[in-house]
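Every read-out reported here was derived from the displayed coordinates using simple, explicitly stated rules and does not represent laboratory data. Since the structure is predicted, the reported quantities are computational estimates derived from the model, not experimental observations. Counting neighbours? That spans all protein chains shown, and the Cβs are built from the backbone with ideal geometry, glycine included.
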Amino acid sequence: MAQIIAEVSRTFNEFLLLPNRTRTDCSVGAVDLSTPLVRHRVGESPAITLRAPFTSAIMQAVSSPELAIALARDGGLSFLHHNQSIAEQAAAVRRVKNFKAGFVVSDTNVRPTDTLGHLLEVMRRTGHSTAAVTQDGSATGRLLGLVTSRDFHPQRHGLDGPVSGRMIPVAELQHASSDITLSAANARLWDERLDCLPVLDAEGNLQFLVFRSDYQDNKRFPHQLVDAGKRLRVGAGINTHDYRDRVPALVAAGADALCFDSSDGYSDWQAEALTWVKKHYPDVATGGGNVVDAEAFTFLAEAGADFVKVGVGGGSICITRDQKGIGRGQASAVLDVAAARDAFAARTGEYVPICSDGGLVHDYHMALALAMGSDFVMMGRYFARFDQAPGAKLPTRDGFVKEYWGEGSNRARNWQRYGQGGQGLVFEEGVDGYVPYAGDLHEGLAVTMTKIKSTMVSCGSLTLPEFQASARLTLVSEQSFQESHANVAVRETAPTTG
Ligand code: IMP
């Protein structure tokens, strides 16, 4: 007969934190959200410390280079998705590693023979008004000229003529070589009254564009997550099928951390794959998962995982519980695995961080996940809502939405994540839909971080280890839940004052 676990499977919604005494030195500005990413000896520092406890989900709809750059600039880490070819994923890693603040990889590019009509179309799509004209129309092709929306008028110049007729040729442009620093580039932009300074390599290929407006931008991000060479850090998802080829390519491209991405990581395949990676690349941080209980955590920790992801069936786009009847309430899973992590640390002297992955609906759920022992969290829906996420932004009657689809949906068909006995998906384990658009990641995350810090202040904590050690949680009854949702009609417009 099957074993029945007596404890009920609980979700974050069922808990609240009790405030602890708040000392006078405890303020939002003083809270430090840094947290270990990888396995380390107890009492020692990990090789990688996140400056903010957020990672983005290993998903097509979430972890693109643009999102990875934005998140690392705010102190978190993206795991670029592996539902693409090895060459594409390695190129995505390189894009993040090559990012230099203020140096923009041109996203609006045309060939000299393209028509002005095509140029207009590309500008409309990207929303940018400066286009690079390169020999092959790529972002890194040989630069032939620049053309901006001020250089042509659709009625006056027609849309059928070639871009070359209206571009400013490279011979007449000011440009810089690759060794230029941002402050030197900025000085030239002002001194020479330029709007844009192209940066070229020795062969005349375009590398970056520098715009005036981006320079100040650099000062907005005091907590960037960077490597020893000051390059942004980036992670990459891997799978148990092609890791022997994928891992070397990702490491060569500069990935700072890898993570096996599986809907059920408690398997011999994952243990074997982890052992292989740690044997060939002992210094490359490699996480495993997903698991929902102590036994599975210990299995992966013993197989060499540098961190372990927790969560089965709780993701917003997930239908695994409906399809297969497996999973566990995320709060119960985190509490159980956190206890196992602490027991493992006491037994071996090695601290293996854990990550709560999926099912974080409200910002306060993140605070609960951290209080319950997660070292950091992973989110898909949350990040999919921002400008930097790859899903299309679409207008609706009530505003904008962004596309968001699960890796187990027909759109993504990530069979490497969902073992269904062969190559391909037999049945869907995720849905394809939309989430409310939330603007710029930096601005949205700043609000979320302030909320989490305020929660920590109420709980009298200045650091995440302190928060975890002292948090007191209570279960909420149906009645007490209703108490805080009393029926007040919410005012739609701001009250007039005065
Ligand atoms: P969210 O933050 O609640 O949207 O959950 C994101 C997490 O859901 C990811 O990090 C994955 O662990 C998981 N996930 C991604 N795609 C699917 C899917 O199609 N089905 C089930 N779970 C998924």
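Compute the signed sum of charges (Lys and Arg +1, Asp and Glu -1) over the other residues within less than 14 Å, Cβ to Cβ, of F481.
-2
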Lysine pair number, Cα distance threshold 27 Å (strictly under), the chain, separation 8 or more or different chains: 24
Spacing of the two label points (7 Å from each Cα toward its C-beta) at E295 and Y281, in nm: 3.1 nm
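What does the charge count around D322 come to, taking other residues whose C-beta lies under 12 Å from its C-beta (Lys +1, Arg +1, Asp -1, Glu -1)?
Every neighbour counted, the sum reads 0.
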Longest DSSP-loop-exposure-free segment, GluC sites (Glu not before Pro), the chain, at most 12 other Cβ within 10 Å: 204-491
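Which order results if W190, W405, W269 are arranged by neighbouring Cβ count within 10 Å, fewest first?
Placing the least packed residue first, the sequence is W190, W269, W405.
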Using alpha-carbon coordinates, inclination of helix 86-97 to the longest axis of the chain, degrees: 80 degrees
For the stretch 211-291, the spread of Cα positions along each principal axis, largest first, Å: 52, 25, 19
Rounded Å value of the spacing that divides the Cα centres of the stretch 395-462 and the stretch 172-201: 38 Å
Cα-only Debye scattering, the stretch 6-152: base-10 log of I(q)/I(0) at q = 0.17, 0.18 Å⁻¹: -1.13, -1.19
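If one computes P(r) from the Cα atoms of the chain, what percent of pairs lie at distances over 34 Å?
I get 41 percent for the Cα pairs in the chain exceeding 34 Å.
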Amide H contacts of E350 (H built 1.01 Å from N, under 5 Å, at least 5 apart or other chain): V42
Paired Rg and Dmax values of the stretch 256-340, which use every Cα atom, in angstrom: 12.9, 39
